[in-house]
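The values are calculated or read from the model by the stated rules, or taken from the named source; none is laboratory data. Source: prediction; values computed, not measured. All Cβ positions, even for glycine, are placed from backbone atoms using ideal geometry, and neighbour counts span all protein chains on display. For accessibility, only protein heavy atoms count, side chains too; no ligands or nucleic acids. Shrake-Rupley method; radii C 1.70, N 1.55, O 1.52, S 1.80 Å.
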Amino acid sequence: MAFLEQRISDRITAATSFEIEHPSRLKTYAQGGRLSQQFGNSPPRHKVNLANGVKTQAQFQSLVDAFYIVLFTPYVGLRVKNWQDYQATKTNSQLTQHAASPTEWQLQRKHSFGGITFLRDITKPCTTPAPVIYRTRSAVESVATASIDYTSGIAAISGHVAGDTYTWVGEFDLPMTFSENVWRAQLDGSANRLYVKDSLIPMEEVLGATG
C-alpha cells in the first residue's frame, strides 16, 4: 500500500499539541505500590488531536477530504508537521550507516540528556528547504555530496571514508494516519468563532512508514 506524500495544512497543526507514546511499555504495581517496568523494543509513536487546530470551514473540509482519501483510496498515511519538533540542526542530528549498504545512511534526530543519546529515524524529510548533509573528517567539516530519498530518509553519500561522521540540517514531517475508522467530527459556531463540536480528530504515527 502506498504512502501519500502530502502534508496536512500547517495552519491546523500549528495550534495543536503532540503526544509522544512508548507503544510497548508495560507497568506493573506490586503490593505496596512498588513499580516494575518492561520496555519493548519499539520506537516512539506520536499522536495528535487535529480538532484543536481547526479555525476555518476550509480547514475542516480539507481534513474531511483527507479522511476519505486516506481510508478509502486507500493510503498508509500522509505527512503531518509537528511544530514542536520539525527541525534538524548540526547539534541535534546524526546519520547512521546501513549495515547492508556502505553507501546508504539514515537521517536521524538525536535526543540527548544526562550524557545519554537516543537516535530516532527520520523517514519523511522535507524537500524545502533542501536538507544539507555535513561531513566531519579529521576534525574538518565540509558539505557532503549526497542524494536523498525523501520517502524513506535514506541518503546515498559519495566519497565516504572510514572514520567520517555526518550530521544534517533541514526540516521533516511525521508519517501519520487517522486513528479511527469512523468520522464523527462536526463544525459548529459562528463566522467569528468556529470549532469542532463534541469530538476529536485523532491521528497517530505510522511507525516504519516509507514511500
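Here are a few things to note about the model shown:
- Distance from segment 30-74 to segment 122-197 (C-alpha centre basis), Å: 18 Å
- For segment 66-157, the carbon plus sulfur part of the accessible surface works out to 57%, probe radius 1.4 Å.
- Taking Cα atoms only, the orientation of helix 57-72 departs from the longest principal axis of the chain by about 70 degrees.
- Relative to the Cα centre, the charge distribution of the chain, modelled as +1 at Lys and Arg Cβ and -1 at Asp and Glu Cβ, gives a dipole magnitude of about 480 debye.
- Segment 107-211 shape via C-alpha gyration tensor axes, a/c threshold 1.5: prolate
- Values (1) 1.04; (2) 0.93; (3) 1.11 are given for comparison; Rg/Rh (Cα atoms, Kirkwood Rh), derived from the coordinates here, is the one labelled (1).
- Integer Hz, Karplus 6.51/-1.76/1.60 couplings in order for segment 86-102, x for Gly and Pro: 9, 10, 9, 10, 5, 8, 10, 10, 6, 10, 10, 6, 6, 4, 7, 9, x
- Candidates 28, 73, 123: whichever shows maximal mean-square fluctuation once the chain is modelled as a Gaussian network with Cα springs under 10 Å: 28
- Only the Cβ atoms of Lys and Arg (+1) and of Asp and Glu (-1) were treated as charged; on that basis the dipole of segment 1-86 about its Cα centre amounts to roughly 260 debye.
- Think of a 1.4 Å ball rolled over the protein heavy atoms: segment 26-124 then has 59 Å² of accessible area per residue.
- Evaluated at q = 0.22 Å⁻¹: base-10 log I(q)/I(0), Debye formula over Cα of segment 1-111: -1.25
- Using the Cβ-Cβ distance between residue 112 and residue 62 with R0 set to 45 Å, the FRET efficiency from 1/(1 + (r/R0)^6) comes to roughly 0.75.
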